[in-house]
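The values are calculated or read from the model by the stated rules, or taken from the named source; none is laboratory data. Quick caveat: nothing in here was measured; it's all calculated off a predicted structure. Reconstructed Cβ throughout: ideal geometry from the backbone, glycine too, with neighbour counts over all protein chains shown. Remember, those area values only see protein heavy atoms, side chains included, never the ligands or the DNA or RNA. Shrake-Rupley method; radii C 1.70, N 1.55, O 1.52, S 1.80 Å.
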Amino acid sequence: MPCDTPEWAAGGWLGGKDGSIHKGPLKDCGLDQERQTPSKKSLDGMQSCEISTDSTDDPLSSGLRTHRQPRIVVIGAGLAGLAATKVLLKKGFTDVTVLEASDHIGGRVLSVQHGKATLELGATWIHGANGNPVYHMAEDNGLLEHTTDGERSVGRISLYTKNGVAHYQTNVGKRIPKDLVEEFSDLYNEVYELTQEFFKNGKPVCAESQNSVGIFTRDVVRKRIMVDPDDSESTKKLRLSMLQQYLKVESCESSSPSMDEVSLSEFGEWTEIPGAHYVIPEGFMKIVELLAQDIPSSTICLSKPVRCIHWNYSAQHRGVIAKSSDTNQDNNHNENSSRPHWDPLILGHPICVECEDEEWITADHVIVTASLGVLKQNHEAMFSPPLPEDKVLAIEKLGISTTDKIFLEFEEPFWSPECNSIQFVWEDEAQLEQLAYPEELWYKKICSFDVLYPPERYGYMLSGWICGQEALYMERCNDETVAETCTELLRRFTGNPDIPKPRRVLRSSWGSNPYIRGSYSFTRVGSSGGDCERLAMPLPYANSSKALPLQVLFAGEATHRKYYSTTHGALLSGQREATRLVEMYQDLHRAETTKPNM
C-alpha cells in the first residue's frame, strides 16, 4: 500500500429510512496503526511519507516541502465539506479525511421519503439559476425534469408558491379580501425595496431606525397606512396586523428571531442570483449524493464528533499534550485509538484533531465547516490555542437562528382548490412592537401553512413555518401536542370547527440539533459582510511568519459574504477553501522546480 494512502475499513453507502444517506458500518471508524501511533520505521526516518529531512527554520521548508502527501482533515460532511473534499481529490490530494459528527452526510440538507413524495426538512430551494452551481448540477443531471410550475417560484414573499391564491385569515375566522391583500402587498414590497438601498446606494441610516430592518419597515409602513385618507379605522388596523404577519414571514426567510435584529445597513448586500427558485422533486439530497459520488466511502467517517483542534503547536503546547497523554493513559478504553505519545511536529504535522472518542488525528490542514451556531456555542473549547479576538468577535456579532417546518398530512383537503396557502393574521397584534412570545404561546409565531402541490405527488399536505425562540419551544413539544395545537389554529383562522386532526405530523428540529444549532446565518444589527470575511480568514494569519500557513481554514454558508444562508453559498465556500490549498501547493511546486541549483 502506498504510504500516502489511508488504510481505512471499507463501508458502502446505504439509504436510510428517513431518506438521508448513511454510511455502512466501519470496522473501527478510525485510523490505521501507522496514523495512530508511529511505527519504529517512521520514527527512524525510513518512511519518507512521514518524515521531512529539512531542518531549517523556514516554515515552508520544515513542514510542507516534504515527500509525502499533505494530510487534510475536513470537519463536516455538508455541502461545504463535500465540495471541498471533491476539489481536493480531483486535484490529486490522496490523504483526505472527512469527520462528520452525525450519522449521515448532508448537513442541513435532509430529505425524507414519504410515499411518492420527498419532504425537505432542511434546504428546499435552488435560489436562482444563472451561474448557480447547484442549479447547474441539478439541471445537468436531470433532477429538474419533473419540477412543476408550482415548484418554480419567482416570488419573494412566499415560502412555497404556485398559481393560486394565498388566503389571509384573521384569528376571528374571517378572510381578508383579495384586493386589500394585493394593495398591502404592493405597499410592503415598495418599502422592502427601500431597505435594499442603504447598502446598494450607500444611504446613511437614520438613528430612529436603530439600523434595524424590522424597526425601519414597521415605522415606514405604519406611517403610510395611517395617512391614507380613504381607509377606515378598521381597515387600517387590519393592514397593521398584516404588516406583523409579513414580518414573521420575513423572519422565517432570514432565519432571524425577529426582523428587528437584522441589520438595515447590510441587508442589501445579500445577492440574489437571477432566475427562478427551484424545488427538486426527488429531494435536495440528490445534490448531496452527486457531490459524494466520487468520494470513496472510506474517506468519510460518520458519528465522529470533534472535541478540539490543536493547531499551531509550540513547545509549551507539546508539553501540555505529552503530560495530558501520560495522565490519561490508564483511563483510555478505546483499544483502536489513543492520545498521541509523540510530537506531531516530528512527523511534520502542525495540527492534532482530538475527537470525542479520544482518538487523535494529525494533519497539515483542517477545513472547518461547522455551522455558525456550533461555532458560537463551542469555539472556546473547539480551538487550542483559542481563536484570535477579531475572529471571535465576528462569530459573536453575526446572527443565526432557527427556522423550522411543520408538515401536516390530511386524509382529505379542507382548503379550496385555488388556495395555495393559509396565512395567519392576528388582529390583536396590530400595534405590537416586539413579536416575541412566552413558551406557552409559541404557536403565535407560526406565520403560515402552505399547500404542497401537486397533490398527486404530495397527497394532502400542508407545510407550516416557525422561527426564533418559539421554534425551539416547538421542538420541545411532542408530536401529539404539535398536531393538536396546529389543528386548533387552523380551525380558528379558517372558521371551520370540523377540520380533523392530521393523520401525520413531521417537523424539523435544527435549533436543538447539537451538531447544527440553527438553520442559517444573517447579518445581525452591529455586524457586516466584513464579519463573514473575517470568519472565513484562514489561521494562522499571514503575518505569522514563523507559523505554517493555512493550518485551519473555514467554510460554510456563514463564511460567504454575498451568498450566506444559501446552499450555493455553502458549496462555493467549500470550493474556495480547497482552492486555497491547491494554489498554495502549486506555488510551492513552482518554487521548487524553478529553484536554482547551488
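Results, tabulated for the structure shown:
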{"read-out": "Cα coordinate range in the stretch 468-526, projected on the principal axes (Å, largest first)", "value": "46, 25, 14"}
{"read-out": "Percent carbon-and-sulfur accessible area, the stretch 237-286, ignoring ligands, DNA and RNA, probe 1.4 Å", "value": "52"}
{"read-out": "Contour excess over end-to-end distance, with Cα ends at ASN496 and GLU480 and 0.36 nm allotted per residue", "value": "3.7 nm"}
{"read-out": "For the stretch 84-177, accessible area per residue (1.4 Å probe, heavy atoms of protein chains only), Å²", "value": "41"}
{"read-out": "Solvent-accessible area, 1.4 Å probe, carbon plus sulfur percent, for the stretch 354-439", "value": "50"}
{"read-out": "Rg in Å to one decimal, and Dmax rounded to a whole Å, for the stretch 76-197 via C-alpha atoms", "value": "20.3, 64"}
{"read-out": "For the stretch 345-422 and the stretch 167-235, distance of Cα centres in Å", "value": "34"}
{"read-out": "Paramagnetic label zone (point 7 Å from Cα along Cα-to-C-beta, GLU411; backbone N under 20 Å) in the stretch 494-519", "value": "496-506"}
{"read-out": "Ordering of 90-101, 491-502 by packing [mean C-beta count within 10 Å, highest first]", "value": "90-101, 491-502"}
{"read-out": "Percentage of interatomic Cα-Cα distances in the stretch 351-485 larger than 21 Å", "value": "62"}
{"read-out": "Long pairs among LYS237/LYS445; LYS200/LYS223; LYS200/LYS444, criterion Cα-Cα beyond 26 Å", "value": "LYS200/LYS444"}
{"read-out": "Where the stretch 207-301 is the region considered: accessible area per residue in Å², 1.4 Å probe", "value": "34"}
{"read-out": "Protection-proxy order for peptides 522-535, 204-217, 291-304, each taking the mean of Cβ atoms within 10 Å per residue, highest first", "value": "522-535, 291-304, 204-217"}
